[in-house]
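Just so it is clear, none of the values below were taken in a lab; they were calculated from the coordinates. What you are looking at is a predicted structure, and each value in this text was computed from that prediction instead of being measured. Note: ideal-geometry Cβ built from the backbone for every residue, glycine included; neighbour counts use all protein chains shown.
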Amino acid sequence: MNDESQKKTGSPTPEELREQVERTRDELGQTVEALAGKADVKAQAKAKTAAAKEQAAERATAAKKQAAEKTAEVREQAAEKSAELKEQAAEKTAELKEQAAAKSAELKEQTAEKTAAVKEQAAAATAQIREKTAQAAQAVKDKTPESVQEKTAQAATQVRESAARAGQFATDHTPDPLLEKADRVAKAARANRTPLLAGGALLIAFLLIRRSRGRAK
């Protein structure tokens, strides 16, 4: 069978069949490419979404890491600053305590020196008063007749007895706070008892001398 007979009968020739196959292949290829392209777009979209999620997760992780590092750094700086301030405060406190101790020691030393000086001056004044009182008492005694001396002794005895009675009366009728104060005064008086007794004796002798002279006139 030739070509013409095939055309007459309507059957395609081998060449036409090849062309049809080629066209079919091309159409199938285009269809496959189109389908592949659509599938590729979805895959790319999924890939992009996955990549975006991964990048977001990485960024979040990095941000958290940076925040944690920054927080740790801030805490470390705060701890160092706090330790530094505590050390400075401790040094300042120690310095102030040392200065206060030195000042206190200086004041104590000055007070002790002044107290010693006052005691020394008081002792010297007391000794001088005692010496002058003794001298005056001796002078009065030398110039006083024996009769007057006897009367002076009797008067001193009477004065002591009267003072004792008055003291006992005052003790019985005086509140305790006043008794304590009087006791302190008595202790101070006993400390200077010799000058006071000598002075009292002088006063009594002087009064008796004046009295005897007045009678003589």
Check your understanding: R0 = 41 Å: FRET efficiency of ARG75 with GLU95, Cβ-based, nearest 0.05?
Key -> 0.85
Point to revise | Net charge of neighbours whose Cβ lies under 13 Å from the Cβ of SER104, counting Lys and Arg as +1 and Asp and Glu as -1 | key: 0
